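Just below is one structure, and these are the notes that go with it.
The values are calculated or read from the model by the stated rules, or taken from the named source; none is laboratory data. Please read these numbers as outputs of a predicted model, since none were measured by experiment. Glycine also receives a Cβ, built like all others from the backbone with ideal geometry; neighbour counts cover every protein chain displayed.
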There are 2 protein chains.
Amino acid sequence: MSAQAAIAEKTTFINGLNVQQALDTIAALKADKSLAKFRFRAKNRWVSGGENRSTIRDFYGAGVEDTSRMKPFEFVNGEPPVLLGDNEGANPVEFLLHALAGCVTTTFVLHAMARGIAIRELSTELEGNIDLQGLLGLDGAVFPGYEQIRIKMHVKADCSDEALDDLLAYTQGHSPVCNTVCQPVPVVIERV
Amino acid sequence: MSAQAAIAEKTTFINGLNVQQALDTIAALKADKSLAKFRFRAKNRWVSGGENRSTIRDFYGAGVEDTSRMKPFEFVNGEPPVLLGDNEGANPVEFLLHALAGCVTTTFVLHAMARGIAIRELSTELEGNIDLQGLLGLDGAVFPGYEQIRIKMHVKADCSDEALDDLLAYTQGHSPVCNTVCQPVPVVIERV
């Protein structure tokens, strides 16, 4: 019996995740790798100035179009007054930090479960630098994106500090949003 | 008189943006480049499983700590049932698409204003591919992040198709989130 199977027999949930469902999912993906291919989507509509709104609902994954969401999620991008807006919502570079925080957290918790580590508390603080001369085209030598993003993670768990550090390094190498930021990912924009 | 100054005299708002405020901002940044250095932030707390929550409020920019937001924005990351969640919120890779859509849109509208182009309608549809074998560590050769993100942009504006295509290429080169995705950006994670 594998360590994971042994965990599954002893308890149904670790870190709020259904262990048996996780094992079944992994077994299914191993049997048919095409089930691991997902396509996530968003639709966005400009309102005015720095305000625009996204709806997120459907995606393709595990071989089918997902139908689990009764209605779409809706999110509002805005800008603060210093960036010509009226705080209609957080701004896009802030939403990127929310996405990154969430992905690092979920990846950490998921692989903790796979290792049989129970997480008691987990929180993060993120900060990233942007020089707006890049966005504004005032200096071609200034990079328009985040120069760097720093994440401070506070975590309490039933394991050694060494085990946490190993899990954190693994998380950094496997988090989808973290790797979309750390590595170059092609963005293709087409006018239709 | 520059083209921008001429626009400012004729009209106060283009695309919902205050032209005089934009010109004043750019003049201030040119006079003191340190004002262009911004630091954006988010705090996130794990709830359970794939659910976690971010609060976003303060940031540093234009030489000061911003105090314009009376209360923090709050966002919930979740996962759909097929990814072991209960649709508590959109998931982190979907929030990344919302951030990307918003940033490309705002960058487009901002530089349209600078060129005197009035936008009438603007909407985008985004889709990105992720192979979850990467996240799950099932195949070390599979990239964990988005393999590619495609954006279809529908735009109606008072200018030629050529001018729109030129503006779109400029947008792609100057959007902070787009460049954070397209280019490798360092993410430093530290346990505290």
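When you go through A:Gly61, A:Gly78 one by one, which is the residue that is surrounded by fewer than 24 Cβ atoms within 10 Å (Cβ to Cβ), more than 29 Å from A:Leu35 (Cα to Cα) and in contact with a strand residue (DSSP E or B) (Cβ under 7 Å, 6 or more places away or on another chain)?
A:Gly78
Examine segment A:159-180 for a residue that is of a type in the set (Ser, Thr, Tyr), free of Cβ contacts under 8 Å to residues at least 12 places away in the same chain and in a helix (DSSP H, G or I), and state whether such a residue exists.
Looking through segment A:159-180, at least one residue is of a type in the set (Ser, Thr, Tyr), free of Cβ contacts under 8 Å to residues at least 12 places away in the same chain and in a helix (DSSP H, G or I).
What single numbered condition from (1) surrounded by fewer than 15 Cβ atoms within 10 Å (Cβ to Cβ); (2) more than 9 Å from chain B (Cβ to nearest Cβ); (3) part of a helix (DSSP H, G or I) fails to hold for A:Thr67?
If we test A:Thr67 against (1) surrounded by fewer than 15 Cβ atoms within 10 Å (Cβ to Cβ); (2) more than 9 Å from chain B (Cβ to nearest Cβ); (3) part of a helix (DSSP H, G or I), just (3) comes out false.
Take the conditions free of Cβ contacts under 8 Å to residues at least 24 places away in the same chain and at the interface with chain A (Cβ under 7 Å from one of its Cβ atoms) and apply them to B:Leu135. Does it pass?
yes
Hey, any hits in segment B:122-132 for a residue that's part of a helix (DSSP H, G or I) and at pLDDT 95 or above?
No, segment B:122-132 contains no residue that is part of a helix (DSSP H, G or I) and at pLDDT 95 or above.
Return yes when B:Phe108 is crowded, with 20+ Cβ neighbours inside 10 Å, assigned to a helix (DSSP H, G or I) and either out of contact with any strand residue (DSSP E or B) (no Cβ under 6 Å at 6 or more places or on another chain) or not aliphatic (A, V, I, L, M) (or both) and no when it is not.
Yes: the conditions hold for B:Phe108.
Right, B:Thr55: surrounded by fewer than 16 Cβ atoms within 10 Å (Cβ to Cβ) and either more than 7 Å from chain A (Cβ to nearest Cβ) or assigned to a strand (DSSP E or B) (or both) or not?
No: the conditions fail for B:Thr55.
Among the numbered criteria (1) surrounded by fewer than 19 Cβ atoms within 10 Å (Cβ to Cβ); (2) more than 7 Å from chain A (Cβ to nearest Cβ); (3) part of a helix (DSSP H, G or I), which one does B:Lys156 miss?
Condition not satisfied by B:Lys156: (3).
Considering segment B:138-153 alone, what residues qualify as being of a type in the set (S, T, N, Q) and without any contact (Cβ under 8 Å) to a residue 12 or more places away in the chain?
None - no residue of segment B:138-153 is of a type in the set (S, T, N, Q) and without any contact (Cβ under 8 Å) to a residue 12 or more places away in the chain, so the list stays empty.
Of all residues in segment A:80-105, count the ones that are more than 7 Å from chain B (Cβ to nearest Cβ) and in a loop (DSSP other than H, G, I, E, B).
Total meeting the criteria: 4.
Across segment B:62-76, what is the total count of residues that are touching a residue at least 12 places away in the same chain (Cβ under 8 Å) and on the phi < 0 side of the Ramachandran plot?
Adding up the residues that qualify gives 7.
Test A:Ala169 against the criterion of being surrounded by fewer than 22 Cβ atoms within 10 Å (Cβ to Cβ), farther than 13 Å from B:His174 by Cα, of a type in the set (Gly, Ala, Ser) and in contact with a strand residue (DSSP E or B) (Cβ under 6 Å, 6 or more places away or on another chain), and give yes or no.
no
With respect to A:Glu125, determine if the residue is free of Cβ contacts under 8 Å to residues at least 40 places away in the same chain, at the interface with chain B (Cβ under 7 Å from one of its Cβ atoms) and among the acidic types (Asp, Glu).
yes
Hey, among A:Val155, A:Val177, which residue is within 23 Å of the chain's Cα centre (by Cα) and more than 30 Å from B:Ser34 (Cα to Cα)?
Result: A:Val155 is the single residue among A:Val155, A:Val177 that is within 23 Å of the chain's Cα centre (by Cα) and more than 30 Å from B:Ser34 (Cα to Cα).
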